[in-house]
1. Between I267 and residues 5 or more places away or on another chain, which pairs have amide H atoms under 5 Å apart, with H built 1.01 Å from N, and which residues are they?
2. Using only Cα atoms, what Kirkwood radius does region 17-130 have, in angstroms?
3. So which of K119/K155; K155/K228; K131/K259 end up more than 22 Å apart, counting from Cα to Cα?
4. Return a whole-number percent for the relative contact order of region 108-225, with Cα pairs under 8 Å and 6 or more residues apart as the contact set.
5. Going through region 13-88, which chymotrypsin sites (Phe, Trp or Tyr not before Pro) have at most 14 other Cβ atoms within 10 Å and a DSSP loop state?
6. Based on C-alpha coordinates, I'd like the Rg and Dmax of region 2-63, in Å.
7. Taking the inverse of the average 1/r across all pairs of different Cα atoms in region 112-201, what Kirkwood radius in Å do you get?
8. For helix 107-119, what angle does its Cα long axis make with the longest principal axis of the chain, in degrees from 0 to 90 and rounded to 10?
Amino acid sequence: MIVVMQGSATGEEIAAVEEQLEKSGFVPHRIQGAFRTVIGAVGDPQAAKVTGLERLPGVEKIVPITAPYKLVSRQFKAENSMIKAGPVSIGGEALAVMAGPCAVENWSSLITVARLVKKSGARVLRGGAFKPRTSPYSFQGLEHEGLKLLSRAGKETGLAVVTEVVDVRDVDLVARYADIIQIGARNMQNFTLLREVGRCGKPVLLKRGLAATVEEWLMAAEYILAEKNYQVILCERGIRTFECSTRNTLDISAVALVKQLSHLPVIVDPSHSGGNWRLVLPLSLAAIAAGANGLIVEVHLNPAEAFCDGKQSLTPDNFSHLMGRVAQLAPALGRTLAAPEQDTGGA
Ligand code: PEP
Ligand code: MN
């Protein structure tokens, strides 16, 4: 439920309501709006019971949240959440584009791709250091060394970095190097991992599971917010369907729907959705038209030689072309895209 405080409620009155909620078995989550404070109260409805709240001084009304997810719902918070990571803010009219290789392979290709995607307007560098692979014999990532390279590339270019954590034991390590921590599709319902990234203090990019419903995806996000980490970016990356001519099926309906159901930003991964670099441009444009707040795109200097996901990776030139088309589309939808960097003749 949501406790809406009166605009004139004092700090003591708000604290008294929170104390009462805690005594009754709820966890209060306070949102300080421009004109009033609202307190989201979450807890096991079987265990948590509260009476007489509406009679406490400063309380305007109590509103039940009907959806099973609470803190992520628009009922809890009507305005869009803005998630800040390094130089970018994700969730508003400005589109946030994240780009880079599927996996960090070596320093020279990483820094070259980072500089090129930045030049085309990307603001976040992606790259896996811990890779969840279908086969235990496939390249598993450079791990700690990969994190160091990513963070160095982020510092040298001014890009924020996003990278995946696959094991709960590595959350602190990854949080030391990353600006945004990615939870991959295969771990979307790894609840221990979700709680741990909820405690890490860094923004989290939560990918939708391969076979997860929208409600399961939002419930997964709820785990992170329940730990008082409200910095969650949702990422639609395609789901498994009967269709096998694409790697996954990009669920455009889910993008539009989740924007209505939740205040959290939603971005789209056109690379893992289609599994084919030729589909990345049309899927990206469709995603933005459906209301996505940004994209995460795989880019590789030489896709044919990529350690993983080369088939769906764009060359830097193709990425630059994509960004040009996104920049053309954005104003028609009331969106903006950071201008590409002026070529100063340097790196
Ligand atoms: C990735 O981003 O490289 C990745 C493994 O994505 P997903 O978890 O969506 O498959
Ligand atoms: Mn990949």
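1. For I267, whose amide H was placed from the backbone, the distant partners under 5 Å are L234, C235, E236, N293.
2. Details: mean 1/r = 0.0556 Å⁻¹.
After inverting the pairwise mean of 1/r, the radius is 18.0 Å.
3. On the way: K119/K155 15 Å; K155/K228 28 Å; K131/K259 29 Å.
Exceeds cut-off: K155/K228; K131/K259.
4. Working: 175 pairs, mean separation 23.4, N = 118.
Computed value for region 108-225: 20 percent relative contact order.
5. Working: sites: F26, F35, Y69, F76; in loops: F26, F35, Y69, F76.
Within region 13-88, the qualifying chymotrypsin sites (Phe, Trp or Tyr not before Pro) (loop, at most 14 other Cβ atoms within 10 Å) are F35.
6. 10.7, 34
7. Working: mean 1/r = 0.0736 Å⁻¹.
By the Kirkwood definition, the hydrodynamic radius is 13.6 Å.
8. Roughly 70 degrees, rounded to the nearest 10.
Readers should treat all values here as calculations from the given coordinates under stated rules, not as data from a laboratory. Predicted, not measured: the structure shown is a model, and the values here were computed from it. Virtual Cβ from ideal backbone geometry, glycine too; neighbours counted across all protein chains shown.
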